[in-house]
Amino acid sequence: MEMFRRIFFAAVLAGTVAGFMTSAIQQWRVVPLILEAERYEISEAHAIDHEQDAAPVAPHLHEMPDGMNPWSPADGLERTFYTILATTLAGLGFALLISAVSVFSAIEITPKNALAWGLSGFLAFSLMPAIGLPPDLPGMAGAALEARQAWWVSTALATGAAVLIFAKLGNPAGAVIALALLLAPHIVGAPQPPAIPSDVPARLATAYAANTLFSSLAFWLMLTAIYGWKNRNSLK
């Protein structure tokens, strides 16, 4: 019971702090890019509205009936608050997830192996999925949501399993199995978006993908470093 209490408090501390700090990085490097892309999305939506207004068709079918528009936070402080809250809760969730992986794999997270854990988390949940599904901005076309979610989850699971197998076996056979798991989702291929032109500039999409991966790497390194430090101190 004491072990689970120690792991739980380490996960809560690491996830909360890493999530909050990552929110600050995102407000600095990622959110401005999203806001800039939304300007292109709004202008593109206005252009579509004007085209439909000029066409002899039925009323706008893309508009939702009164009272059924989805809720979204207002721009400014309210949007910033909910963004920080969502990122912090996601950090807590990932911290609890790696706690469970640590327990079931019998590989404890310590200051000595925190870097390896952090890089593994980044590889499984960010880098490998981004190879097939790079982070996209508002206004950019994407494949069906269900297909993207299924491929992302399968890629994260396959990559995580590959890392664990390699860590536990540490021999040529383990390396071959790990490599096969790493490549399998990409051999199958990620769902591709329709060939619809977007007004979002390529330099903006590139900057967004790079900064999103940067913030994710910072998150995983902070998460595992704090977790390992708290875990070590709890043993004293």
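If we keep just the residues of region 80-98 that are over 13 Å from the mean Cα position of the chain (by Cα) and among the hydroxyl-bearing types (Ser, Thr, Tyr), which is surrounded by the most Cβ atoms within 10 Å (Cβ to Cβ)? Among those residues, the one meeting the criterion is Thr83. Taken over region 181-201, the criterion of being of a type in the set (Gly, Ala, Ser) and either in contact with a helix residue (DSSP H, G or I) (Cβ under 8 Å, 6 or more places away or on another chain) or within 30 Å of Met21 (Cβ to Cβ) (or both) is satisfied by Ala184, Gly189, Ala190, Ser198.
For every residue, the table says whether it meets (1) surrounded by fewer than 18 Cβ atoms within 10 Å (Cβ to Cβ); (2) on the phi > 0 side of the Ramachandran plot; (3) not hydroxyl-bearing (Ser, Thr, Tyr).
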| site | (1), (2), (3) |
| --- | --- |
| Ala144 | yes, no, yes |
| Val176 | yes, no, yes |
| Ala184 | yes, no, yes |
| Val188 | yes, no, yes |
| Gln192 | yes, no, yes |
| Asp199 | yes, no, yes |
| Arg203 | yes, no, yes |
| Thr206 | yes, no, no |
| Thr224 | no, no, no |
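Every condition in (1) assigned to a helix (DSSP H, G or I); (2) within 30 Å of Val12 (Cβ to Cβ); (3) not hydroxyl-bearing (Ser, Thr, Tyr) holds for Pro135 except the one numbered (1). Candidates Leu115, Leu119: the one that is at pLDDT 95 or above, over 15 Å from the mean Cα position of the chain (by Cα) and assigned to a helix (DSSP H, G or I) is Leu115.
Residues that are surrounded by 15 or more Cβ atoms within 10 Å (Cβ to Cβ) and closer than 22 Å to Leu183 by Cβ occur at least once in region 135-142. Listed by first and then second residue, the pairs linking a residue in region 111-127 that is among the basic types (Lys, Arg) to a residue that is buried (at least 16 other Cβ atoms within 10 Å of the Cβ) and part of a helix (DSSP H, G or I), with Cβ atoms under 8 Å apart and 6 or more places separating them unless they lie on different chains, are Lys112/Gly228.
Annotation: Glu108 fulfils all but one of (1) outside any loop (DSSP other than H, G, I, E, B); (2) acidic (Asp, Glu); (3) surrounded by 14 or more Cβ atoms within 10 Å (Cβ to Cβ); the unmet one is (1). Taken together, Thr16, Thr22 contain a single residue that is polar (S, T, N, Q), surrounded by 11 or more Cβ atoms within 10 Å (Cβ to Cβ), at pLDDT 75 or above and out of contact with any Phe, Trp or Tyr (no Cβ under 6 Å at 6 or more places or on another chain), which is Thr16.
What do you reckon, is Leu85 over 24 Å from Asp136 (Cβ atoms), part of a helix (DSSP H, G or I), at pLDDT 85 or above and not β-branched (Val, Ile, Thr)? Walk me through how you get there before you give the answer.
Details: over 24 Å from Asp136 (Cβ atoms): no; part of a helix (DSSP H, G or I): yes; at pLDDT 85 or above: yes; not β-branched (Val, Ile, Thr): yes.
No; evaluated as a whole, the condition is false for this residue.
The values are calculated or read from the model by the stated rules, or taken from the named source; none is laboratory data. From a predicted model like this one, the values you see are computed outputs, not experimental measurements. For neighbour counting, all protein chains shown are included, and Cβ atoms are generated from backbone atoms with ideal geometry for every residue, glycine included.
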